[in-house]
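The values are calculated or read from the model by the stated rules, or taken from the named source; none is laboratory data. The structure presented is a predicted model; accordingly, all values stated were derived computationally and were not measured. Backbone-built Cβ (ideal geometry, glycine too); neighbour counts: all protein chains shown. We work out accessible area using only protein heavy atoms, side chains counted, and drop any ligands, DNA or RNA first. Shrake-Rupley method; radii C 1.70, N 1.55, O 1.52, S 1.80 Å.
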Amino acid sequence: MSLSGRSQSALSGLNSDVEDDSSDLITSHSTVSSLSSQPIGLTEVLRTTQLQLDVERTRNRELKEQNAILEANKPKRAKKNVPPELLAYEGEIRILAKKYGVITELFFPRTPTTDAISQPYPVDAPSFTTADRYATVLTEELSLVAELDASLPDHLRRIRNLNSFHDMFAQAMQSGRSDILYKLRDNVEVIFGLPKAYFIPNFARLTIAEVIKMLGVKDVGTPGQKFTMWFPFLFKNMKVDMRKPFTNWEPLGLILKTALWGKASLAEGFVRRGGPKTNGRKWQVSAVTPGAFAWAATICMFMLSPDSEFPGNGVGQLSKINYYEVFRGYKCVLVTKWADPHIQKIVSEVNSFVFGKSGATSAKSGSTGPMEDLAAEIDAAMAAMDAAALASEDDADDSVDETGPAAASSSGGTQSAPAVVDEGDSSGSEATAAPMSFDEVAAVVDPASQKTNSRKTSSVSKSTRGRKTTKGKRR
C-alpha cells in the first residue's frame, strides 16, 4: 500500500521519541482525533501502530522500574574480601548501626587496651547499665562491646569481631549521623531560636554574641580559647548549676524529636499517625536512654561550635573539641546518676515531650587545651549532685533536731559533710575518695567565680567515676 506524504509524516511522528511519555501521549491524542478523517485502510494501520506503541511504552516503563531497583541495590563501592554473610545482611546492619549511633553510642566502640571489639562473642563484662562499667578502663571497654552485642541479633553477633563488620557498621553510623544533622540544620530556628543563616556549616558562629554566651567560650579568638562540656545552654536561663545539670532539656528534646520523628514532629500539636516510617518507628524506641540523652547534648554542642563537619575521629577541626570524650563524659554522669531524683525528673520530662508519655525508666540504668579538663568536669558534676543530695538530707535532719549539727553551723562552727564511701569490692574492702569543697566545684565551672555556700561550709567527697555512693555516718 502506498501512503501519502501526510500519512508517512503521521507514522513518523508516532514512532519518534518513545522514551518521552508526555510527548507520546500528545502525539497519540492528535493521531486518534484525526482517524475519522482518514481512509479506512490508513485508519487500520494507524490503529495497529498505536497499539504497538502502547506495548512498547509499557515495556519501557517496566524496564525503567527494574533499572531503578538494580541501581538502588548496586554496591556503592567495590567490596573486597567481605564475607558473603556480611553482604547478605548489609541492609539490616545499616539500620541497626544508625539506631546504635543515636540511642547507644555516638562513636563506634574504641577498645585500645583490651581489643575487646575483635574478640568473639560473648565478652565477659559487668552490667553496662550500672556505674560498675566505669570502674576501670578494662570494664569500660568490655562494657562498650557488651552493649553493642546487646543491640545486635544472634546472627550478627557471630560476625561482630570481623574487621569488615567494623568498617561497614562505622560507615553506616556516620552516614546516619550526617542525614540527621542535615535535618537538624533545617530546623535550627525552632531548636535554638536563632536565624538559620548562623548554622550554615562554614558560618563563623563565634562572631555571634548569643552563640558565645550559649557555649560559654572563654578567651574567644585567642590561643587560649577554651570550651567547657557543661556549657550554659544546658542549664535553665543559662545559669550554670552543677547540682542540677540538663535543666534546659527542651532543646535536647527537640533534637531527639527531629532525629526520631522528623521535621513534622516540631510543629505545635503534632500527633504521630501513619505515613512514611520514621526512625522512631523503625527502631521501635519508646523511652530515652542515657546514650540518647548524651547524644543529644553532644550534638547540641557541635551545632553551636565553629566546626563545619562532625569529625569522624572525634576531634573538631576548628574548635579542637574532643567530642568523643564529651559524649563519654555525659554518658558517664547519666549512667552513674541515672537513679538520682533530679535526673529521673528530667528524663520523665523528656519522655513526655518526645514520646507523648512519661516513658518507663529503670533506676538500675544507670588534658588541658581547647577543652577544659573533662575528668575534672565530670567529677565536679557528680560531686555537686552528691552535695545537693546531702544538703537535702541535712535539711530534713535539721527540721527534726534543732540542737544537732545545724546548730553547730549556725554558731560559727564548721561542719563537715559525711564522707562519701565507695562501695567495696567482693572482698569487702572500702575506700574513701578525697573531699572536694563547694569552692572547688564552682571553680571547675567558672574559675573566676569563688562562690561559697552561704548556708554552711560543708565539704563533700569527690565522686569517683564509676562508683556508687552511699551516705556515711554523721559524726
#### Entry: Rg and Dmax [Cα atoms of region 217-266; Å; Rg one decimal, Dmax integer]
14.4, 42
### Summary
For region 151-271, inverting the pair-averaged 1/r of distinct alpha-carbon atoms gives a Kirkwood value in Å of 17.3 Å
### Query
Per-residue accessible area for LEU51 at 1.4 Å probe radius, Å² rounded to 10?
110 Å²
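According to the Kirkwood expression over distinct Cα-Cα pairs, how big is the hydrodynamic radius of region 278-321, in Å?
Values: mean 1/r = 0.0829 Å⁻¹.
Computed over region 278-321, the radius equals 12.1 Å.
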### Task
Using the Cα centre as the reference, give the magnitude of the dipole from point charges on the C-beta atoms of region 108-256 (Lys, Arg: +1; Asp, Glu: -1; all else neutral), rounded to the nearest 20 debye.
600 debye
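Is the C-alpha gyration tensor of region 143-220 telling us rounded, prolate or oblate? Criteria: a/c under 1.5 is rounded; beyond that, a/b larger than b/c is prolate, otherwise oblate.
Since a/c reaches 1.5 and a/b is larger than b/c, the shape of region 143-220 is classed as prolate.
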### Task
Enter the accessible area of ASP154 (Å², nearest 10), with the probe set to 1.4 Å and all protein chains included.
90 Å²
### Heavy-atom accessible area per residue - region 79-236, 1.4 Å, Å²
46 Å²
### region 154-205 and region 239-264: distance between their alpha carbon centers, rounded to Å
17 Å
### Query
Quick one: how many Å² of THR48 are accessible to a 1.4 Å probe, rounded to 10?
70 Å²
### Query
For TYR89, TYR323, TYR134, TYR182, what's the largest-to-smallest order of accessible area, 1.4 Å probe?
TYR182, TYR89, TYR134, TYR323
### Message
Just to confirm the filter: which trypsin sites (Lys or Arg not before Pro) across region 139-242 are DSSP coil and have at most 15 other Cβ within 10 angstrom of their Cβ?
### Response
ARG158, LYS239
### Message
With bins 10 Å wide starting at 0, give me the P(r) of region 115-182 over every alpha carbon pair, in whole percents.
### Response
20, 43, 31, 6
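Ignoring ligands, DNA and RNA, please state the percent of accessible area on region 275-318 from carbon and sulfur, probe 1.4 Å. Spell out each step's value before the answer.
Working: 770 of 1650 Å².
Summing carbon and sulfur atoms, their accessible area is 47 percent of the total for region 275-318.
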